[in-house]
Amino acid sequence: MGKRATPPDSGPIEPVNLRDALEERYLAYALSTIMHRALPDVRDGLKPVHRRLLYAMQQLRLGPQGEFRKCAKIVGDTMGNFHPHGNQAIYDALARLAQDFAVRYPLIDGQGNFGNIDGDNPAADRYTEARLTDVAARLLEGIDEDTVDFRANYDGRELEPAVLPANFPNLLANGAAGIAVGMATNIPPHNAGELCDAALHLIKFPKATADKLVTFVPGPDLPTGGIIVEPRENIVDAYKTGRGAFRLRARWDKEDTSRGGYQIVVTEIPYQVPKARLVARIAELLQAKKLPLLADIRDESAEDVRLVLEPKSRTVDPALLMESMFKLTELETRVSLNMNVLSHGKIPNVLGLRQVLREWLDHRLEVLVRRSKFRLAKIDHRLEVLAGYLIVYLNLDKVIKIIREKDEPKPALMKAFKLTEVQAEAILNMRLRALRKLEEMEIKRENEDLTKERKGLNALLRSKDKQWKRISDEIKDVKAQFGQKTEVGKRRTSFAEAPDEDVAIELAEAMIEKEPITVVLSEKGWIRSIKGHNTEPSSLSFKEGDRLKSFVLAQTTDTLLLFATNGRFYSLAADKLPGGRGHGEPFRLMVDIEDAGDCVELFVYEPGGQLLVASTSGYGFVVTEDDVVAMTRKGKQVLNVKGDDEAAVCAPVEGDSVAVIGENRKLLLFPLKELPEMPRGKGVRLQRYKDGGLADAKIFTKKEGLPYTVGAGRNFLFEPSELRDWWGARAQAGRLPPRGFPKSGTFGERF
């Protein structure tokens, strides 16, 4: 075994707690990621890599009207001077700023292959060229006029801007996305003209609320268009809090074809969904037979998007077909909003629409003040020089003599004419041609113009109203160039109402192949579905000790309602029931019900129908079937029961009278109008008992008589004339039933 190596003697070794060291270093990494990589600055809407790219391109003089330059050169300069990261990461950021399908207002004008909406990657940076766009020029406007702070770059050899002047609402107009440590941001693009309108309103009314600003900015305006179907109240709430999401759908049209057929043409797809992946995913679902209304999909896109969807048959409703596509494919997505940004360039927090616009306007005010002060300093310097020039013209011969005769003319000039050092230096640097008379007149005119401008700048710096007026004019200028009336500023994303519940129900039915089934429920709670309606109850087999409880004829598109002894209704989708092979499954595995709970009744849901529900204590009421449907495992509490009381009856309301019989075999008949209709509760007393409780209840028509069932489905009827002695008022005790009433003490089958 070798000798253990000892570290070189480099001073005393200090023990460090590993946890403290990791916390310190991870915190430094987290702050670096948040501040210098992932989150945009609220003022210019840019991350450091984007800001450095634009500044490097300006340094290369790649303006909107200038020449294109190889992206490899741009990436190299950015990496070498400002952004010490991988060239591929820098080029990816550059390419995205040039993609008109990814950025609402591109900041880079690209020449060459910069990728496409299918999801293909851009060509290598040695093949592509770029220059700045007019939007980028507005972001950089005034950067050389001391409008923003500069800081040292990564190696201290260069200076880079901490933020851009941003004469364009870039954060919201182009959006941003990023994942930092413990936080993320996701801001979709918006319409610049609408943002300008909202900013102008905020200048005029500084206390304007998000509700008012949403009238100007109704929602995102995405580069790829589409239709937003989010309710307005949700949009307002999202802009108030800075967090939310928007349902976005593809735009489509119906095109008629030969022989009375039609096809669907999708012309706009959701934002950030690669078209090739979308088509491939739909084709997979089609092959897996999960799109029963669709026959085929074709991509006929050229420069514009054109996806053709062929229906299964001409009878398929186009709206229903598209609802199925929206539900199962990325033709509908959710665009999230999380306005987590760097406030004042330092503090990460989530801002609402009003705060984002407010901070941008405050930044524009600071830029205006700094630019005005910078210009004022330049004017003061120039006026000082011009005053010196005018002295030259008044004493031209003497000035020339001093310059010719003195070894050190500068101090001599300053002493002779009481000049400042700046003036003396400027006089000594004058060219001979500037001594002509015409130049003297131009200097006097320039002096007058600058004096007038100086007066205006001083007035501007003293008045907040004039400052905001100037900012308003600048914003109006931005709107004139990029507003809704321009080609680039037209709103691309429109708004529509979300589909109602009826469409959702139709869609659910359309997505299921309609077939007849027989649903069988046993006494011990085992449920199954058998294809067809030809099954005989006598032919069914059950586990030992079990027997038939309910036998329901239904369709696969139906919803079954199960009323349990705990007073809850549970909804079961008929197509989801276990098949007829074997004995099925316990219904308790499909719903959340206590072990002691059991099924009272199982039947097919009929929209608009009514039910009589009652408990063993004799209390009950009428409820509509629409009020009891709940497609959750917990079901819906309708009849309130306590202690030993249980739900005992669920009968369809088909008639005008109620028949109630107790366990004491006493029968009572009374009008249905004496029962209240309620969505939930204990109900009212149906019948009074000295001992025992409710055995059964039934709704019937008085003129037709009271039907009942004996044995294996033999139906009988008490004529109206036979029932005169049993009529009374609700909550009476009743009397023993007529001769021939079933010994079971119930009316038999109800559904």
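Among the residues of the stretch 341-348, is there at least one that is touching a strand residue (DSSP E or B) at 6+ places or on another chain (Cβ under 6 Å) and at positive phi? There is at least one residue in the stretch 341-348 that is touching a strand residue (DSSP E or B) at 6+ places or on another chain (Cβ under 6 Å) and at positive phi.
Of all residues in the stretch 158-182, those satisfying the criterion of being among the aliphatic types (A, V, I, L, M), surrounded by fewer than 20 Cβ atoms within 10 Å (Cβ to Cβ) and touching a helix residue (DSSP H, G or I) at 6+ places or on another chain (Cβ under 7 Å) are ILE179, ALA180, VAL181.
For TYR271, indicate whether it is crowded, with 18+ Cβ neighbours inside 10 Å, hydroxyl-bearing (Ser, Thr, Tyr) and in contact with a helix residue (DSSP H, G or I) (Cβ under 7 Å, 6 or more places away or on another chain). No: the conditions fail for TYR271.
Taking first residues from the stretch 305-319 that are among the acidic types (Asp, Glu) and partners that are outside any loop (DSSP other than H, G, I, E, B), the Cβ contacts under 7 Å between residues at least 6 apart in sequence or on separate chains come to GLU310/GLN263; GLU310/ALA295; GLU310/ASP296.
Looking at the stretch 379-498, the helices (runs of 4 or more DSSP H) lying wholly inside it that each contain 3 or more residues that are under 60 Å from the mean Cα position of the chain (by Cα) and within 30 Å of GLN272 (Cβ to Cβ) sit at 464-482.
Quick check, is LYS437 at pLDDT below 90 and among the charged types (D, E, K, R)? Criteria met by LYS437.
Any residue at all in the stretch 204-224 that is in contact (Cβ under 8 Å) with a residue 24 or more places away in the chain, touching a helix residue (DSSP H, G or I) at 6+ places or on another chain (Cβ under 6 Å), outside any loop (DSSP other than H, G, I, E, B) and of a type in the set (A, V, I, L, M, F, W, C)? Checking the stretch 204-224: at least one residue is in contact (Cβ under 8 Å) with a residue 24 or more places away in the chain, touching a helix residue (DSSP H, G or I) at 6+ places or on another chain (Cβ under 6 Å), outside any loop (DSSP other than H, G, I, E, B) and of a type in the set (A, V, I, L, M, F, W, C). Taken as a whole, the stretch 280-287 holds no residue that is assigned to a loop (DSSP other than H, G, I, E, B), over 17 Å from the mean Cα position of the chain (by Cα) and among the β-branched types (Val, Ile, Thr).
Is it fair to say ASP20 is modelled with pLDDT under 95 and either aromatic (Phe, Trp, Tyr) or surrounded by 12 or more Cβ atoms within 10 Å (Cβ to Cβ) (or both)? Judged against the criteria, ASP20 is not a match. In the condition set (1) touching a Leu at 6+ places or on another chain (Cβ under 9 Å); (2) aliphatic (A, V, I, L, M); (3) surrounded by 19 or more Cβ atoms within 10 Å (Cβ to Cβ), LEU328 is compliant with all but (3).
Within the stretch 536-552, the set of residues being part of a loop (DSSP other than H, G, I, E, B), surrounded by 14 or more Cβ atoms within 10 Å (Cβ to Cβ) and in contact (Cβ under 8 Å) with a residue 24 or more places away in the chain comprises PHE542, ASP546. Here the strands (runs of 3 or more DSSP E) wholly within the stretch 94-189 that include at least 3 residues being farther than 26 Å from ILE347 by Cα are 108-111, 129-132. Quick check on the stretch 81-88. Is at least one of its residues among the polar types (S, T, N, Q), assigned to a helix (DSSP H, G or I), in contact with a helix residue (DSSP H, G or I) (Cβ under 9 Å, 6 or more places away or on another chain) and in contact (Cβ under 8 Å) with a residue 60 or more places away in the chain? Yes, some residue in the stretch 81-88 is among the polar types (S, T, N, Q), assigned to a helix (DSSP H, G or I), in contact with a helix residue (DSSP H, G or I) (Cβ under 9 Å, 6 or more places away or on another chain) and in contact (Cβ under 8 Å) with a residue 60 or more places away in the chain.
Test GLY705 against the criterion of being assigned by TED's automatic domain parsing to the domain that holds THR624 and under 58 Å from the mean Cα position of the chain (by Cα), and give yes or no. So GLY705 fails the test.
Residues that are surrounded by 15 or more Cβ atoms within 10 Å (Cβ to Cβ) and aliphatic (A, V, I, L, M) number at least 2 in the following strands (runs of 3 or more DSSP E) confined to the stretch 632-751: 647-652, 657-662, 667-671, 694-700.
For the residues ARG298, ARG259, the requirement of being more than 30 Å from ILE235 (Cβ to Cβ), in a helix (DSSP H, G or I), of a type in the set (D, E, K, R) and at pLDDT below 95 singles out ARG259. The one condition from (1) surrounded by fewer than 17 Cβ atoms within 10 Å (Cβ to Cβ); (2) at pLDDT below 90 that VAL369 does not meet is (2).
The values are calculated or read from the model by the stated rules, or taken from the named source; none is laboratory data. All values derive from a computational prediction rather than experimental measurement. Methodologically, a virtual Cβ is constructed for each residue, glycine included, from the backbone with ideal geometry; neighbour enumeration extends over all protein chains shown.
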